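The values are calculated or read from the model by the stated rules, or taken from the named source; none is laboratory data. The shown structure was predicted, so the numbers you read here are calculated from the model rather than taken from an experiment. As a convention, Cβ positions derive from the backbone with ideal geometry for all residues, glycine included, and neighbour counts pool all protein chains shown.
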Amino acid sequence: MSAAKVEVRDVRKTFGSVEALRGASLSIAQGEITAIVGDNGAGKSTLVKCITGLIPPDTGDILVDGSPVHFSSPKDARDHGIETVYQDLALCDQLSVWQNLYLDRELTRGFGPVQFLRRRQMRSEAHRLVSDLAVNVPHVGRPVRRLSGGQRQAVAIARGVMWARGMIVLDEPTAALGLRETAQVEGLIRRVVDAGQTVLVVSHNFEQVKRLSSQVWVMRAGAVVTGVRTADVTGEELVGLVTGAITAV
Amino acid sequence: MSGTLTRPAETAATPSGPSAAQARPASRGQALRRHLGNEDLWTRATAPVALVVLVIVFSILNPRFLSWASLTSMLADSTIPIVLALGATFAVTLAGIDLSLASTVALGSVTMGLAYDAGLPMWVCAFVALFTGLVVGAFNGAIIGWGRIPDFIVTLGTMSLVMGVGLITSQGKPVQMPDASLSFVSVHGIGGIRYNFLIAIALGVLLHVVLFHTRFGMHLLAVGDNTDASKAMALRVSRVKLAGYVICGGMGGVGAILLTSYIGSSQPATNTDYLLRAIAAVVLGGVSLFGGRATMVGPIIGAILLTFLQSGLTLLGVSAFYSPLLIGIVVIAAALLMRGRK
Ligand SMILES: Nc1ncnc2c1ncn2[C@@H]1O[C@H](COP(=O)(O)OP(=O)(O)OP(=O)(O)O)[C@@H](O)[C@H]1O
Ligand SMILES: [Mg+2]
């Protein structure tokens with residue numbers, strides 16, 4: 001195993017009376033695909049949001065590239081090259097595909113504080129990029145509200161991949177995708193890793209976890225209960241770990 | 001397939017090279033078909049089509065309606081509705097509303113009157129009115145953005161608050177401002193088209209550029225569309241809301257200047273009709289009340305439409321008492337029409 005890109009140590013987070021995370025710890029190795037599995041409500045998305053700066057953890061430490069970080073906004077995570085594809089996709093329905101792809105990273109031109117959008121350039125760059133990513137993103141000028149669930153997911157994934165500079169976090173990236181699109185996204189994830197980046201993927205699909213990941217962490221009731229090398233575990237054992245039927249392999 | 005991924009251009013000007021030319025997103029024919037099947041087009045066409053129909057109907061009923069003198073005077077009358085509709089568009093685009101807009105106009109004219117009484121030069125008086133609007137907008141925006149209180153409640157409170165401040169400081173008495181430079185924009189013009197109307201159009205062009213050609217505009221649309229997604233994309237939601245309401249309030253201030261110029265005195269009493277017409281124009285203009293989707297042309301045409309409707313009825317000898325009734329019907333009909341297009 002190589003050095004840790006991200007280390008999470010005893011992170012806790014409560015929402016009112018709900019203890020979403022009660023001391024979660026895990027590490028994500030540099031240049032690998034790491035998976036998180038767990039039942040609904042286990043705290044996977046909350047942990048992801050803590051790592052990517054959307055939710056500040058109540059207590060606990062997060063280290064990126066070995067040094068502690070305190071992200072107060074997703075912008076901080078982005079500045080560390082970490083991109084996120086959220087479970088709810090975080091797309092603006094009325095905006096077009098290219099506008100979503102470039103949101104908060106618009107290309108502009110002008111003098112000093114007077115800056116105008118380079119709309120045409122962003123549009124054509126967006127078109128070129130999504131064609132290159134070989135995911136099923138339709139015409140980049142269309143508003144997102146007119147896309148199918150799978151197409152919307154493809155837009156969110158394309159956005160993550162196009163901006164990631166070191167690590168990408170995907171929260172159930174293929175939940176709405178068909179077989180062919182799922183294979184495309186898995187291919188894309190492999191390309192990202194081949195290019196030297198780190199991937200964290202949350203998935204309910206154990207086959208996918210087996211196919212893709214090198215390391216898998218199991219979450220249950222707000223805690224990370226086990227971590228194993230994917231090669232050392234069978235699909236059935238993963239099911240057992242998630243439900244709590246078995247506690248270790 | 002190569003192992004490396006193509007990168008988007010970094011923020012600096014990167015020549016996009018031949019790839020940009022290849023990237024013709026779609027053929028012309030496809031683009032046209034998409035355009036015709038586009039519900040946005042119909043939403044946007046509502047106000048212009050209604051305006052054309054209205055002009056035709058009224059000019060048949062009374063040929064004087066389309067005379068140059070009547071046309072230019074109606075356009076001058078539409079100035080304040082246009083300016084306020086432009087402001088309201090920013091609040092509505094944020095999926096909000098600014099109920100305090102009409103009382104901001106009143107307060108702006110009052111503070112302008114105070115400045116005039118204090119003997120300040122006219123341009124300073126105008127600036128005071130504008131500043132008043134900006135302050136009211138900032139107050140609204142700050143409470144909505146950081147207090148996380150619904151816009152409806154906040155601006156309802158501000159409406160009364162601002163109205164009260166205006167009445168207290170003026171004691172309800174208008175200040176006469178007989179000043180040629182003030183009335184200039186309402187009286188003179190180019191070829192009969194008054195300067196006040198031209199100012200309103202110029203502001204419309206400016207705000208169009210702000211909304212569709214700046215980062216701020218794109219962020220405003222995004223925040224109005226989906227606040228959670230905007231937060232996830234690290235947009236500064238509260239600041240964007242603040243700026244949107246400041247623009248809205250600022251247009252209230254401009255409305256105050258134009259009103260004062262038009263009637264030659266301050267007007268401490270709030271004319272709620274202004275608020276109604278501004279919102280009506282925005283709805284007619286096809287701006288989505290759910291936020292995130294806007295145009296600047298639409299509300300301008302909507303405001304002109306409502307003014308023409310009112311003037312046309314007056315020309316036909318219909319009692320002025322009917323005009324609120326008609327505007328109400330038009331607004332609800334337009335809202336129903338737009339809802340079908342959601
Ligand atoms: N913003 C919030 N406010 C209140 N409670 C929350 C919030 N976000 C998450 N929770 C709660 O925290 C717990 C963990 O939620 P989380 O979304 O992290 O689960 P998950 O493992 O991602 O589940 P799923 O597989 O369904 O996506 C749940 O009980 C949920 O109700
Ligand atoms: Mg989740």
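So here's what we get for this one:
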item	result
Test: residue in region B:225-244 that is within 20 Å of the chain's Cα centre (by Cα) and at the interface with chain A (Cβ under 10 Å from one of its Cβ atoms)	yes
Within region A:31-82, tally of residues that are within 14 Å of chain B (Cβ to nearest Cβ), over 17 Å from the mean Cα position of the chain (by Cα) and within 10 Å of ligand 1 (Cβ to nearest atom)	0
Tally of residues being under 24 Å from A:Arg78 (Cα atoms), in contact (Cβ under 8 Å) with a residue 40 or more places away in the chain and at the interface with chain B (Cβ under 9 Å from one of its Cβ atoms) across region A:104-143	4
Some residue of region A:123-146 being at pLDDT 90 or above and of a type in the set (Asp, Glu)	yes
Residues that are surrounded by fewer than 20 Cβ atoms within 10 Å (Cβ to Cβ) and touching a Phe, Trp or Tyr at 6+ places or on another chain (Cβ under 6 Å), drawn from region B:234-265	B:Ser238
Set A:Ile28, A:Ile51, A:Ile82: member being of a type outside the set (S, T, N, Q), surrounded by 21 or more Cβ atoms within 10 Å (Cβ to Cβ), more than 16 Å from ligand 2 (Cβ to nearest atom) and under 29 Å from A:Val144 (Cβ atoms)	A:Ile82
Test: residue in region B:59-66 that is within 29 Å of B:Gly252 (Cβ to Cβ), in the same structural domain as B:Val187 (by TED's automatic domain parsing), surrounded by fewer than 18 Cβ atoms within 10 Å (Cβ to Cβ) and of a type in the set (A, V, I, L, M)	no
Every residue from region A:108-152 that is under 25 Å from A:Glu172 (Cβ atoms) and hydrophobic (A, V, I, L, M, F, W, C)	A:Ala126, A:Leu129, A:Val130, A:Leu133, A:Ala134, A:Val135, A:Val137, A:Val140, A:Val144, A:Leu147
Filter result (in contact with a helix residue (DSSP H, G or I) (Cβ under 7 Å, 6 or more places away or on another chain) and without any contact (Cβ under 8 Å) to a residue 60 or more places away in the chain) within region A:181-206	A:Glu181, A:Val185, A:Glu186, A:Leu188, A:Val192
Wholly within region A:174-243, strands (runs of 3 or more DSSP E) carrying at least 3 residues that are more than 19 Å from the chain's Cα centre (by Cα) and not hydroxyl-bearing (Ser, Thr, Tyr)	A:223-229
Per-region count, region B:275-321, residues in contact (Cβ under 8 Å) with a residue 12 or more places away in the chain, more than 14 Å from every other protein chain (Cβ to nearest Cβ) and aromatic (Phe, Trp, Tyr)	1
A:Leu170, sole failed condition from (1) outside any loop (DSSP other than H, G, I, E, B); (2) within 16 Å of ligand 1 (Cβ to nearest atom); (3) at the interface with chain B (Cβ under 9 Å from one of its Cβ atoms)	(3)
Candidate set from region A:83-100 (those that are facing chain B (nearest Cβ under 8 Å) and among the hydrophobic types (A, V, I, L, M, F, W, C)); member that is nearest to the chain's Cα centre (by Cα)	A:Leu89
Filter result for A:Leu177 (more than 8 Å from chain B (Cβ to nearest Cβ), closer than 25 Å to A:Ser213 by Cα, crowded, with 19+ Cβ neighbours inside 10 Å and out of contact with any His (no Cβ under 6 Å at 6 or more places or on another chain))	yes
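Let's see how each residue does on (1) within 16 Å of ligand 2 (Cβ to nearest atom); (2) more than 30 Å from A:Arg146 (Cβ to Cβ):
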residue	(1), (2)
A:Leu21	yes, yes
A:Glu32	no, yes
A:Val69	no, yes
A:Asp88	yes, no
A:Asp93	no, no
A:Asp104	no, no
A:Val114	no, yes
